[in-house]
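A.B. asks: Just passing along the structure, written as structure tokens.
The values are calculated or read from the model by the stated rules, or taken from the named source; none is laboratory data. Just so it is clear, the structure is predicted and the values come from calculations on it, not from any experiment. Backbone-built Cβ (ideal geometry, glycine too); neighbour counts: all protein chains shown.
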Amino acid sequence: MGIIPKIAWRNIQRHRGKSLVIGIILFLGALIMTIGNGVISGMEKGLRENIMNRFTGQIVIVSSNQVEDNVIFTPMGKDVEVITGYDKIKKVLEGRDYIDRFMPAAKGLTLILNENGDLGYSLVLGVRFEDYQKMFLHNVQLVEGAYLKNDDRGILISSGNRTRIFDEQGFWLVPRGRGVNEKNLPPEELKRRDSLDVRESLVLMGGSMENTSRDLKVDVKGIVRYEYLDEFWKNFSIMDIESFREAFQYVTASDSLVKISSEKQKILESDNLDNLFGDTLVEKAVTTGKRYDITGLIGKKVVQKRLDVDSGAYSLVFVKLKDAGRIGKSLEDLNAKLKAAGAEARAVSWKAAVGQLADMAMIMRGVATGFVLLIFFVAIIIIMNTLSMAALERVSEIGMMRAVGAQKSFIAKMFFAETAMISFIFGGAGILAGIGAVHLLDLLNITTDNHVLVLLFGGNVFRPGLDFIDILIGIVELVTVTAIATVYPLKVARGITPLDAIMRD
């Protein structure tokens, strides 16, 4: 051990009281900063797990005609523009090695029709459900009934939507053929069980502002909830993509199988609609005695060919990346490739796609980060003041050292070595205690239903966590606090002269 560390260690022992005060401040500062880093890290991981991995992916592709990036929680249920030419988009996505997986979907606001006159609503996702579950880690959990299969027709009603529909429209939805599960009934309705209006299907109409929607009766296949962030996703029910397209009058996969000959196409495009029912056609039917099906003029479905669901229309494409940390570069490359391919689409980040939800999450993250920074600066000020007072109380000691030949640089190194040792011992202990506290908080399995805390936690369960990078950041913060806090005290100590020591005595 060199002379400076020896003297520094001796001085720490001689001034145990002051050293202990500085050490406790460093311990508490390191402890709180470590816990704060664990909360922030847990929140980021929670948001990544619960939004990106379980609902949107890292990137969402929308139509190039879509003005606003917020396509998930659109204001007032505003329409999301339909994507045309999905085949081009699919080809681009399949050619990118940084993409893990992707899936198309449709999203819209449906109106719930009721013969009693009460009009309801529900946000709906149109998907191939089995593909959706694989994409988003089986985030949809079954409450009653059964899941949809890829080729099924029907709708999965979220439990949140079922409760709201019952409150607003007065009927209770159950999966077809399953009956009422009394365990899931509101307690006050058990007494009126016999008079309860129970329904197994809904009549939906796409809530398009373009007035091109139609009403569609759809069976309830199951009642579901979302495993993570259900409080935010509960307004989304899920239906098969073909039923969604019919309700919103999108091009369906069935439509894409209709083939019309060039001759019939000319007739259909003719301004003279009488050509469809002209004398020649009638005379031919009479004279030949043949029975004509007028639909033959329009075309027929090729029933031998399996429906290609991707040939219909979508409004969103969810994209997951292999490396969630390269969203920016991936967005830049994807948009360039989509433009080069002539695809009428553009890529946006998940934060832009979920709009206000991401803004709220970032605000909460900012609050947590701000709290850590506040502790950071408070620790600097307190340590700085304590060290400065310690230096002034040691004027005689430092002055005598100067009198026997110690240079200012020697005094500064000695003083810094003392602070570094205290910081290493107490600050290191604070970081270790912080790691233990974060681990303990994780084991406590703290849950919440509060909307604000759900965003702060990154989910319904408080899952703070620290990895190697987070611990390294804590060490850097401790070193930074120590270095900044000693700047002024070192200046004070360097300024002490032998004359100051004589005057003090």
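A.B. asks: How many residues, within the stretch 177-206, are part of a loop (DSSP other than H, G, I, E, B) and under 20 Å from A247 (Cα atoms)? Talk me through it step by step, then tell me what you get.
C.D. replies: Taking the stretch 177-206 and keeping what is part of a loop (DSSP other than H, G, I, E, B), we get 177-181, 185-186, 190-192, 196-197, 200.
Okay, now just the ones that are also under 20 Å from A247 (Cα atoms), so 200.
Counting residues in the stretch 177-206 that are part of a loop (DSSP other than H, G, I, E, B) and under 20 Å from A247 (Cα atoms) gives 1.
A.B. asks: Between R199, R192, R225, which is surrounded by fewer than 19 Cβ atoms within 10 Å (Cβ to Cβ) and within 18 Å of V140 (Cβ to Cβ)?
C.D. replies: Numbers: R199 fails: within 18 Å of V140 (Cβ to Cβ); R192 fails: within 18 Å of V140 (Cβ to Cβ).
Among R199, R192, R225, only R225 is surrounded by fewer than 19 Cβ atoms within 10 Å (Cβ to Cβ) and within 18 Å of V140 (Cβ to Cβ).
A.B. asks: Taking the stated definitions as given, is G474 outside the structural domain of L229 (by TED's automatic domain parsing) and crowded, with 22+ Cβ neighbours inside 10 Å?
C.D. replies: The answer is yes for G474.
A.B. asks: Looking at (1) in contact (Cβ under 8 Å) with a residue 24 or more places away in the chain; (2) more than 35 Å from the chain's Cα centre (by Cα), which is the one condition that is false for G427?
C.D. replies: (2)
A.B. asks: Is there any pair with a first residue in the stretch 167-180 that is touching a residue at least 24 places away in the same chain (Cβ under 8 Å) and closer than 18 Å to V224 by Cβ and a second that is buried (at least 19 other Cβ atoms within 10 Å of the Cβ) and acidic (D, E) whose Cβ atoms are under 7 Å apart and which are 6 or more apart or on different chains, and what are they?
C.D. replies: Here the result reads V174/E144; P175/E144; R178/E144, each pair linking the stretch 167-180 to a residue that is buried (at least 19 other Cβ atoms within 10 Å of the Cβ) and acidic (D, E).
A.B. asks: I would also like to ask the following. If I filter the stretch 44-56 for residues that are in contact (Cβ under 8 Å) with a residue 24 or more places away in the chain and part of a loop (DSSP other than H, G, I, E, B), do I get at least one hit?
C.D. replies: Initially, the stretch 44-56 is screened for residues in contact (Cβ under 8 Å) with a residue 24 or more places away in the chain, giving 44-56.
With part of a loop (DSSP other than H, G, I, E, B) added as a condition, the list becomes none.
Among the residues of the stretch 44-56, not one is in contact (Cβ under 8 Å) with a residue 24 or more places away in the chain and part of a loop (DSSP other than H, G, I, E, B), which makes the answer no.
A.B. asks: Can you tell me which of (1) more than 19 Å from F236 (Cα to Cα); (2) modelled with pLDDT of 95 or more; (3) assigned to a loop (DSSP other than H, G, I, E, B) is the one E115 doesn't meet?
C.D. replies: For E115, the failing item is (2).
A.B. asks: Find the residue count for the stretch 459-502, including only residues that are under 19 Å from I435 (Cβ atoms) and in a loop (DSSP other than H, G, I, E, B).
C.D. replies: The total comes to 6.
A.B. asks: Does I363 satisfy the criteria of being in contact (Cβ under 8 Å) with a residue 24 or more places away in the chain, assigned to a helix (DSSP H, G or I) and not charged (D, E, K, R)? It would help to see each step written out before you state the result.
C.D. replies: On the way: in contact (Cβ under 8 Å) with a residue 24 or more places away in the chain: no; assigned to a helix (DSSP H, G or I): yes; not charged (D, E, K, R): yes.
Considered against the rule, which asks whether it is in contact (Cβ under 8 Å) with a residue 24 or more places away in the chain, assigned to a helix (DSSP H, G or I) and not charged (D, E, K, R), I363 comes out as no.
A.B. asks: Return the residue satisfying two criteria in turn: it lies in the stretch 481-496 and is farther than 27 Å from G428 by Cα and at pLDDT 80 or above, and of such residues it is surrounded by the fewest Cβ atoms within 10 Å (Cβ to Cβ).
C.D. replies: To start, the set of residues in the stretch 481-496 that are farther than 27 Å from G428 by Cα comprises 494-496.
Then drop every residue that is not at pLDDT 80 or above, which leaves 494-495.
Details: R494: 18, G495: 12.
Here the answer is G495.
A.B. asks: Can you tell me which residue among M103, M135 is touching a residue at least 12 places away in the same chain (Cβ under 8 Å) and surrounded by 21 or more Cβ atoms within 10 Å (Cβ to Cβ)?
C.D. replies: Working: M103 fails: surrounded by 21 or more Cβ atoms within 10 Å (Cβ to Cβ).
After ruling out the rest, the residue left standing is M135.
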